[in-house]
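First comes the structure, then the notes that go with it.
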Amino acid sequence: MREATEYGRDGSLEDYRIIREPFYRPLGEEVELFEKAHALKLPVMLKGPTGSGKTRFLEYMAHRLSLPLITVACHEDLTASDLVGRYLFVGGETVWMDGPLTTAVRRGAVCYLDEFVEARKDTIVIIHPLADDRRILPLEKRGSFLSAHEDFVLVISFNPGYQSILKDLKPSTRQRFVALEFDYPERELEAEIVRSETDVPEKMSVQLVELAHQLRNLKDHGLEEGASTRLLVNAGRLIQRGLTPRSAVRVAVTRPLSDDEEMLATMDELVETVFAG
């Protein structure tokens, strides 16, 4: 039986390197903290609301550390074999195919398990031996263990706002990680991010951020999730393509946030107020 990998040509991870430095402005000490965690080979947990910059931060750090970044979007159907790998019958012979986690462990990459809390419980425990001093990955189907490459980094993320009794990480999992918390940037920084990502004029970026703050105030009054920086960037890009601010905000911000008619009416009023001038 021979081995193969799903990632890159001839086992290379060059396709998973971030070639161009992503735009990122630190909110605090997260860059230094991540670098120290990486030096100590500590796994990292990114906590924060949807669209608060967790993924962009990790792309920035992967580029900064010159490491490939393999991202896995976790969901309830994600199996241990999906992460670790499986035997496949190819061309008349049995081939072991590394999964994304095994590839990162074997070759020294960042493995980013996005929204890890959404994964199945039996899948979550797979990472336990990797996330402590052992830094090993059990390959049960092969009857062996794989020691992590010295450059391997395990990163998970989740949105604490969606925690519930059924969707939460157990203490036995949480306590293996150092945790970096993310939130929406301060107004001036958020406006700078919107301008950098969209090239909208300064006044427009300020208006978009003002609207976001107004909408976030509705989170405890019927709105499930506040407007993320990501949504503002989407709106700004549409504006740059010729849509009016009201139309762009409608399709990129308010309608993705809610289907409730009363809430939509309230948000539309806020849009009219912010973009009245």
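Every read-out reported here was derived from the displayed coordinates using simple, explicitly stated rules and does not represent laboratory data. From a predicted model like this one, the values you see are computed outputs, not experimental measurements. All Cβ positions, glycine included, derive from the backbone under ideal geometry; neighbour counts span all protein chains shown.
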Here the relative contact order (percent) of the stretch 184-277, from C-alpha pairs under 8 Å and at least 6 apart, is 27
To the nearest 10 degrees, the tilt of helix 202-216 (Cα long axis) against the first principal axis of the alpha carbons of the chain is 80
For the chain, longest principal axis from Cα atoms; helix 229-240 axis from its Cα atoms; angle between them, nearest 10 degrees, is 60
note: the stretch 135-277, Cα-Cα separations exceeding 19 Å make up a percent value of 62
Computed for the chain: size of charge dipole around the Cα centre, +1 on C-beta of each Lys and Arg, -1 on C-beta of each Asp and Glu, debye to nearest 20, value 760
Cβ density ranking, 10 Å radius, fewest first, applied to 243, 40 yields 40, 243
On the formula 1/(1 + (r/R0)^6), with r taken between the Cβ atoms of residue 87 and residue 145 and R0 of 25 Å, the FRET efficiency rounded to 0.05 is 0.90
Number of Lys pairs in the chain closer than 16 Å at Cα, excluding neighbours under 8 places apart unless interchain, is 4
Taking Cα atoms only, Rg over Rh for the chain with Rh from the Kirkwood formula is 1.03
Under the helix-only model (-39500 (n - 2.57) for each DSSP H run of 4 or more, divided by the residues of the chain), the mean residue ellipticity at 222 nm, to 500 deg cm²/dmol, is -10000 deg cm²/dmol
Burial-style ranking of 196-203, 151-158, 62-69, average other-beta-carbon count within 10 Å with highest first, yields 151-158, 62-69, 196-203
A student asked for the Cα radius of gyration and Dmax of the stretch 8-141 in angstrom ought to give 15.8, 55
Here the tail fraction of P(r) beyond 17 Å, over all Cα-Cα pairs of the stretch 168-226, rounds in percent to 56
In the neighbourhood of residue 231 defined by beta carbon distances under 13 Å, the net charge of the other residues (Lys, Arg +1; Asp, Glu -1) is +2
Burial-style ranking of 252-265, 97-110, average other-beta-carbon count within 10 Å with highest first, yields 97-110, 252-265
Taking Cα atoms only, helix 261-274 is inclined relative to the longest principal axis of the chain by an angle, in degrees rounded to 10, of 70
